[in-house]
Amino acid sequence: QVQLVESGGGLVQPGGSLRLSCAASGSIFNINAMGWYRQAPGKQRELVAVAHNSGVTNYADSVKGRFTISRDNAKNAVYLQMNSLKPEDTAVYYCNAYVRVPADLSGVNYWGKGTLVTVSS
């Protein structure tokens, strides 16, 4: 089992910045990737950014150039630096860890409880 705890959400004005943090604990040795998803009211959850153990990162087109995902393996943590925030970035942001056992064909996703980011004047 993997436990994920997010922090760093809050209210910010358009054009401002926030840094989200997520710390993983438990059976962290089989984590293959960590990332961030978000969900706005009435909308489906969407991928924001993901960082694989290989160092490869992927971003949603809507956040490229504004958001940066990073990993700290020593701390089992993942971060999301969000700059030039827009009202459309308003959502609950969820930390994600993808876990795969070598003998298993498929992996398992673990989720944090979420942290609310509100971008408004």
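Report whether or not residue 74 is under 15 Å from the mean Cα position of the chain (by Cα), under 20 Å from residue 4 (Cα atoms) and small (Gly, Ala, Ser). Considered against the rule, which asks whether it is under 15 Å from the mean Cα position of the chain (by Cα), under 20 Å from residue 4 (Cα atoms) and small (Gly, Ala, Ser), residue 74 comes out as no.
For residue 8, indicate whether it is open to solvent by less than 60 Å² (accessible area, probe 1.4 Å) and of a type outside the set (D, E, K, R). Yes: the conditions hold for residue 8. Listed by first and then second residue, the pairs linking a residue in segment 55-76 that is within 22 Å of residue 110 (Cβ to Cβ) to a residue that is open to solvent by less than 70 Å² (accessible area, probe 1.4 Å) and not aliphatic (A, V, I, L, M), with Cβ atoms under 6 Å apart and 6 or more places separating them unless they lie on different chains, are 69/57; 70/79. The single condition among (1) surrounded by 13 or more Cβ atoms within 10 Å (Cβ to Cβ); (2) assigned to a helix (DSSP H, G or I) that residue 74 does not meet is (1). When segment 103-121 is filtered for residues that are open to solvent by 90 Å² or more (accessible area, probe 1.4 Å) and within 23 Å of residue 23 (Cα to Cα), the ones remaining, listed by number, are 113, 116. Applying a threshold of 7 Å to beta carbon distances and a minimum spacing of six or more residues, or different chains, the list of pairs starting in segment 25-42 at a residue that is at positive phi and of a type outside the set (S, T, N, Q) and ending at one that is part of a loop (DSSP other than H, G, I, E, B) and open to solvent by 50 Å² or more (accessible area, probe 1.4 Å) reads 26/1. Per the conditions (1) touching a Phe, Trp or Tyr at 6+ places or on another chain (Cβ under 9 Å); (2) aromatic (Phe, Trp, Tyr); (3) more than 17 Å from residue 115 (Cα to Cα), the sole criterion not satisfied by residue 29 is (1). One residue stands out among those in segment 50-67 that are over 16 Å from residue 86 (Cβ atoms) and in a strand (DSSP E or B): the one that is least open to solvent (accessible area, probe 1.4 Å), which is 51.
The values are calculated or read from the model by the stated rules, or taken from the named source; none is laboratory data. Small disclaimer: the values here were computed from a predicted structure and weren't measured. Glycine also receives a Cβ, built like all others from the backbone with ideal geometry; neighbour counts cover every protein chain displayed. Please note that ligands, DNA and RNA were not included when accessible areas were found on the heavy atoms of the full protein model with its side chains. Shrake-Rupley method; radii C 1.70, N 1.55, O 1.52, S 1.80 Å.
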